Every structure is written in structure tokens, then in C-alpha cells.
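Notes follow the structure.
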Amino acid sequence: MKKITWEEKQDITYDQLSILFTSKFLFTFRDDSKEDFSSIYQRIEAGKNVFRKSKADYLFYVIIDYEIDRYFLVLEELSERIEEEQEMLLENPTQEDLKRIQSLKKEAYKIKHATRPLREAIAGIIRQESEFITSNNLIYFKDSLDHIIQVNEALETQRESITIMVDIYLSSVSNRMNEVMKMLTLIATIFIPLTFIAGVYGMNFENMPELHFKYAYFVVWGIMIVVGVSLVFYFKRKKWL
């Protein structure tokens, strides 16, 4: 099974933990030589009588239960990072936010892939009778199966939250693009009549009476300013600006 560690402000790590046991002995093989089983030692000290009466299968259950508890801690860290990203996403979404969301989505997939084998293994232990698993301790493995199912269900919920965040980001980008297009459209609308007026008086006809008027230049400018300002006030009144 996979040992998953994800502490605050650190990257997630995955290490392989293999277990071999008989009725009396249990061996662990770990990739991480720094594996800390102090919590398990404390449980053994606290429940000496239980461990003295039990075989290696009970210790096997304790190790599995210990790793599942660590899965819950990993999910808690994932949940906190999702909440932090959601807050930043609602304030001012950026391209960096999308990269972090994609990273969270990738890690959630890895966690699901890492926890699935343990669920299948525990289910197999419950389905198949084994001479190394006593009937009295089988109930503990059923409890572990319930816990790992809870882990998978919580993980699915968090993956849905990440998917929603992607949708929120895309929606925010789309809204910003729509605002930009709206502003460009309003600017173009303001300049359409101004361009029309400038185009009319820019034609090279010999007979254009207005051109011989002494104040024609200023009149045309005045008309263009009035039209432009009127349109701006109209758009503001409609709350388009």
C-alpha cells in the first residue's frame, strides 16, 4: 500500500509500504527509512493486554488503520488548499490560479490512484478466508474498509470542487473578455457618427456650401463633441459604462 504524506507548505510524497506476516510475525518493507511508527508504538503500549492476546493479524490491522488515518490528514490538507484557492479565485483569477488548480486536480487523481489498491486489498481480506486472519479480528478490517470508503467518497467530493473551480475560472475569464468586448463596442459606437461626419466633410466635392462658411470648422467640431458626449451620457444612464 502507499504511504502518503502532505504537510503544510510542503509537497506531497508517496512511498511504498509492503507488509508480510504470518500468525506470529509481521515484517514491513518501506521505501522511506524515516517512517515514524511512534503512534503505533503508543497504541501498543496503551493496549498491551489486547496485543498480548492477539496475533499478528491485529497488528496488521493497526498499521492499516494508522495509514488510513494519515489519508484523512492528507485529505484535510487538500481541502484547505482548495478553500484557499477558491478565495483567491473569487477575488482576482489569474493564469497562476489555473496552474495551481490543475496541480490540485493532478494531486487528487494521484491520491485516488494511491488509495484504491488498499480498498481492494481490504475487501479481498474480508471476502476470502485466511488462516492468518482470525474471525474475531475480521470486524476490525470491516471497520477499516468503511474508513477507506469514506476516504474515497471525500476525495470524489473534493475532485468535484476542483472541477467547479475550473468552471469558475473559465467563467471569470469569459466575463472579463465580455467586459472588454463591451467596452470596445461602446467606443466603436461612439465613433461611428463621428466617423460619418468626418467622412462626409472629407469628400472632395467642388460644391459643398458648408465649406465656404467662415465658422464651419468649429461648427463641425461642436457637433462631433455634442454627439460624442451625448452618447457617453446615454450609455452611463443605461449603466453600460
query: With respect to SER161, is the statement that it is touching a residue at least 24 places away in the same chain (Cβ under 8 Å), among the small types (Gly, Ala, Ser), under 25 Å from LEU17 (Cα atoms) and touching a helix residue (DSSP H, G or I) at 6+ places or on another chain (Cβ under 9 Å) true?
result: no
- prompt: Any residue at all in the stretch 105-115 that is of a type outside the set (S, T, N, Q), more than 30 Å from LEU20 (Cα to Cα) and in a helix (DSSP H, G or I)?
  reply: yes
field: Failed condition for PRO93, given (1) loosely packed, with under 15 Cβ neighbours inside 10 Å; (2) touching a residue at least 60 places away in the same chain (Cβ under 8 Å)
entry: (1)
field: Candidate set: the stretch 105-125, residues that are surrounded by 16 or more Cβ atoms within 10 Å (Cβ to Cβ) and free of Cβ contacts under 8 Å to residues at least 60 places away in the same chain; chosen: the one nearest to the chain's Cα centre (by Cα)
entry: ALA108
statement: Residue hits (the stretch 155-172; loosely packed, with under 15 Cβ neighbours inside 10 Å and farther than 20 Å from GLN95 by Cβ) are GLU156, THR157, GLU160
message: Here is a check on your reading of the model: is VAL226 at pLDDT 90 or above and either over 27 Å from the mean Cα position of the chain (by Cα) or surrounded by fewer than 13 Cβ atoms within 10 Å (Cβ to Cβ) (or both)?
response: yes
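Just to be sure before I move on: is SER144 touching a residue at least 12 places away in the same chain (Cβ under 8 Å), in contact with a Phe, Trp or Tyr (Cβ under 8 Å, 6 or more places away or on another chain) and either within 30 Å of LEU98 (Cα to Cα) or in the same structural domain as GLN102 (by TED's automatic domain parsing) (or both) in the structure I sent?
Criteria met by SER144.
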query: Somewhere in the stretch 210-218, is a residue part of a loop (DSSP other than H, G, I, E, B), surrounded by 11 or more Cβ atoms within 10 Å (Cβ to Cβ) and at pLDDT below 90?
result: yes
message: Given the criterion of a type in the set (S, T, N, Q) and loosely packed, with under 10 Cβ neighbours inside 10 Å, identify the matching residue among ASN136, ASN175, ASN152, ASN204.
response: ASN204
message: Need the failing condition index for TYR201 against (1) assigned by TED's automatic domain parsing to the domain that holds PRO93; (2) over 29 Å from the mean Cα position of the chain (by Cα), just the number.
response: (1)
- prompt: Do we have SER172 as within 30 Å of VAL62 (Cα to Cα) and of a type in the set (Gly, Ala, Ser) here?
  reply: no
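The values are calculated or read from the model by the stated rules, or taken from the named source; none is laboratory data. Just so it is clear, the model here is predicted, and its values are computed rather than measured. Because the Cβ atoms are built from the backbone with ideal geometry, glycine has one as well, and the counts that use them run over all protein chains shown.
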